[in-house]
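A.B. asks: Handing you a structure now.
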Amino acid sequence: MTATIILVFSCVALLQFFVSYCRSVIAASTAHPLSEQVREVAGLAGRDLCGEEFIRLLQLANLCPASSGDHGAIAAVRTYFRMVTFVRLALRRVIPESVSSWAESELSKCAHFAAVALDHRITTSRDLMAQQFSSHS
């Protein structure tokens, strides 16, 4: 019985640290404005991000070579996105208004994170190409 209680508390603590980590990574990305190039590539010109664009933005980011070591953060935010989506769907009928607005806000922040990751990868790819062209000249 004691071992079960310790296991439950450990899992809850781990989940709390995971959510805190994901929210801090997402919060750090909100300080970065999206470039016009990313807005154009992602088809976001003239409109705000919404949570439904997260998966598509991650797919675009996966098309770029990753050299910045952001795999862990992307995987964590992807898991957080799935958790928030699950909570939104599970509690939609119980607490419709408050959970829905909170979840949409979190999912939009996740989409912004994915757009920032795409922006960083495009910038890194562009810099690598510029270095290659300058070294061959």
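We did not get these values from a lab; they are worked out from the coordinates using the rules stated. On a predicted model such as this, the values are computed, not experimentally measured, just so you know. In this analysis, Cβ positions are derived from the backbone assuming ideal geometry, glycine residues included, and neighbour counts consider all displayed protein chains.
A.B. asks: Please work out the FRET efficiency for the pair Asp127 and His71, using the Cβ-Cβ distance as r and a Förster radius of 25 Å; give the result to the nearest 0.05.
C.D. replies: Rounded to the nearest 0.05, the efficiency is 0.85.
A.B. asks: Please report the net charge: other residues with Cβ closer than 10 Å to the Cβ of Val84, K and R +1, D and E -1.
C.D. replies: It works out to a net charge of +1.
A.B. asks: Please compute the contact order of region 2-136 in relative form: average sequence separation of alpha-carbon pairs under 8 Å and at least six residues apart, divided by the residue count, as a percent.
C.D. replies: Details: 100 pairs, mean separation 52.9, N = 135.
In percent, rounded to a whole number, it is 39.
A.B. asks: Once you have the Cα-Cα distance between Ser10 and Ala31, take 0.36 nm times their residue separation minus that, and quote the gain in nm to one decimal. Could you put the intermediate results ahead of the total?
C.D. replies: Details: separation 21, 0.36 × 21 = 7.56 nm, distance 3.24 nm.
In short, 4.3 nm is gained.
A.B. asks: Hey, another quick one. Provide the per-residue ³J(HN,Hα) series for region 39-45, in order, calculated from phi with Karplus coefficients 6.51, -1.76, 1.60 and θ = phi - 60°, each as a whole number of Hz, with x at glycine and proline positions.
C.D. replies: 4, 6, 4, 8, x, 10, 4
A.B. asks: Where does the chain land at 222 nm, in deg cm²/dmol rounded to the nearest 500, when only DSSP H runs of n ≥ 4 count, each adding -39500 (n - 2.57), divided by all residues? Each step should come with its number before you reach the end.
C.D. replies: Details: 5 runs with 107 residues, N = 137.
Theoretical 222 nm ellipticity from helices: -27000 deg cm²/dmol.
A.B. asks: Could you state the angle between the C-alpha long axis of helix 54-63 and the longest principal axis of the C-alpha atoms of the chain, as a value from 0 to 90 degrees rounded to the nearest 10?
C.D. replies: So the inclination is approximately 40 degrees.
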